[in-house]
Each structure stands twice: as structure tokens, then as C-alpha cells.
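In what follows, a single structure is set out as C-alpha cells and then discussed.
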Amino acid sequence: MFISIITPLYNRAHYLKKLANSINTQNKKWLSKIEWIIVDDGSTDDIDITIDEIKEITKLKYIKQNNGGKHTAINKGLEYCNGEYLIIVDSDDHLVENALDNLFNTLYGNNYEINAFIDTKSHGQYFDKEVYTLEYFIKLGGDRLIAVKSELLKNNKFPIYKDECFVTESVAWNKIIDKYNIHCFNLPVIAGEYMDGGLTSNYQQLLKNNPQGVFSLLDTNLNLSKFNINLVKQTAFHFSSIFSFKNTIKVLNKYPINRSIPLILATLYVVIKQRFKN
């Protein structure tokens, strides 16, 4: 098995058939070299009926778990992952035409640890070079389809906190890109639309409601090999959602002064800017 596709799912059964069809209509020579793992994160819709219908046209593994958030569903999917590489494709996305051609023709024989491809729904800018360090990859903005060696993500699973349901994926990607850099290709792989009620539309509220998840990103970013300006900006944006005197003291006590002070100053700037904007 060469590529595993993990799809975390929560109450999006009505989008799943489009994703299934987009997989099934790819170049047939690649279909035996992929596996599709759907992890149902406690859905309450008619997902079982949809899964039965999809199984008639597309081979898949279907795992159910109690609701814990997307990051826990990805962790669960990793337990069933046999591919050399894996990609995470959300339930409301779909593969574009020739997506598997783009993935296989790029990854076969190159042995790159972590790679990025175009996610057309984010309308992010194209890559102007192939290899990015973490600092400049973060600066690009927008979402990307990331293909990573499975073992690397298995060794960097998302932390799980009781009574919290969100941890940003940057907690894992930043660690891996910091170590290996990321190879980037101007080839489209997935498309879709941002849906109301999804993680993107509720991002700031999710951060506010999951403070331990926010601190997991701080733990990642403030312990990387470099804490440069783009990492400071990313960390400050997330920390601003839970910024308080208590959490400021926690940051000062927990992290080196040469990293905690720039973070606190940058977060103050973000908070003030947000208040003026509102």
C-alpha cells in the first residue's frame, strides 16, 4: 500500500458520495495502491446508510468512535493506516481529476518525508519554489493538501485533553516541517468549499473553548529549533483567543524568556488590533 487517505467525519454523510465518486473515477492503475479510511467521530445523521451505499462502488475501512474532535479521529485513523504516505481529506472535499496521477508521479521514487500540493478551495498562492523551511511555509497562508510519511505522523499524534475537542493540525505539521522542510508542488489534488459550521468558520471560538489545545501549539512552537517572526505571528494569533493575566504568567513560567516575551508582546498587538477592528 502506497497512500492512505484518512477522512474524519462528523454529520457530513450527504457530502461523502461526492468524495467516494472522485476516488473511484481516478486512474485505475493507482486504486489498488491506496486505502480509504473513514473515521466517524460520533455522527448522529444517517451515515450508516450512506456507508453501505458507498461500499458498493468504493473499497473502504469504516471506523466509528465517540465524538472527540477531528484530531482524535485522525489519531484513530492512524491505527489502521498501512500506506507509506498518508493524506487527510475532509468529508466535504473531493479529489480533482488526475489527483492520484499527480500524487503518485510526484512521490514515487522521491522519498520526501513531507510534501504539499494545491488545495483549490483555499485559493492560496502558488508555490514559487519547491522546498520551504517552516518559517516561509507558514508565511504562504491558505490550506494545502499535505502528503506525509505515515510513520512521521504516527510518531507525532495529536494530544488529547479531557473535555476538549480541538487541537490545530499545526501541532503535528510544525514539528515535522521544522525537522525535514517541506517539498511543494503546484499540482492540484483536492477541491471543495468551506461549509458553515465547519472548523474554519468557527476557528476562533474553537480556540477559546479549548485552551489546553491552544497551549499544545505553544508547546510545539516555542520548542522548535527557531522561533522566528512567522512562528511568533502564528502563535500569537492562537494565544490571543485565550489571552489573560493567568495564562500570561503561565507562559512566562513555562518557556524561556527570549521566546515568551516576544510572544506576549505580539499577542498584545493582536488583541488590540482585534478590538479596534470590532
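The numbers here are math on the coordinates, done by the rules we state, and not lab data. For clarity, every value in this text was computed on a predicted model and none was experimentally measured. Here the Cβ positions follow ideal geometry from the backbone for every residue, glycine too, while neighbour counts run over all protein chains shown.
Here are the numbers for this structure:
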read-out	value
With Cα atoms, 0 to 90° folded angle of helix 229-239 axis to the chain main axis	90
Electrostatic dipole magnitude of the stretch 83-127 [Cβ: Lys, Arg +1; Asp, Glu -1; Cα centre; debye, to 20]	140
Check: the stretch 1-144 dipole with +1 on Lys, Arg Cβ and -1 on Asp, Glu Cβ, in debye	220
Charge dipole (debye, nearest 20) of the stretch 76-208; +1 at Cβ of Lys and Arg, -1 at Cβ of Asp and Glu	460
Filter on K70/K121; K64/K154; K70/K226; K129/K233; K28/K70 - keep pairs with C-alpha separation over 25 Å	K70/K226; K28/K70
Amide H within-cut-off set for N98, under 5 Å, with H built and near neighbours excluded	N27
Folded to 0 to 90 degrees: helix 211-221 orientation relative to the chain principal axis, Cα	90
Whichever aspartates and glutamates have a C-alpha closer than 14 Å to that of K17, once near sequence neighbours (fewer than 8 apart) are set aside	D46, D48, D52, E53, E56, D90, D92, D93
Selected from A191, I229, I49, residue furthest toward positive end of dipole (the chain; charges at beta carbon)	I229
Cubic angstrom per residue, convex hull over Cα atoms of the stretch 203-277	86
Dipole axis of the chain (+1 Lys, Arg; -1 Asp, Glu on Cβ), positive-most option in Y136, N111, N155	Y136
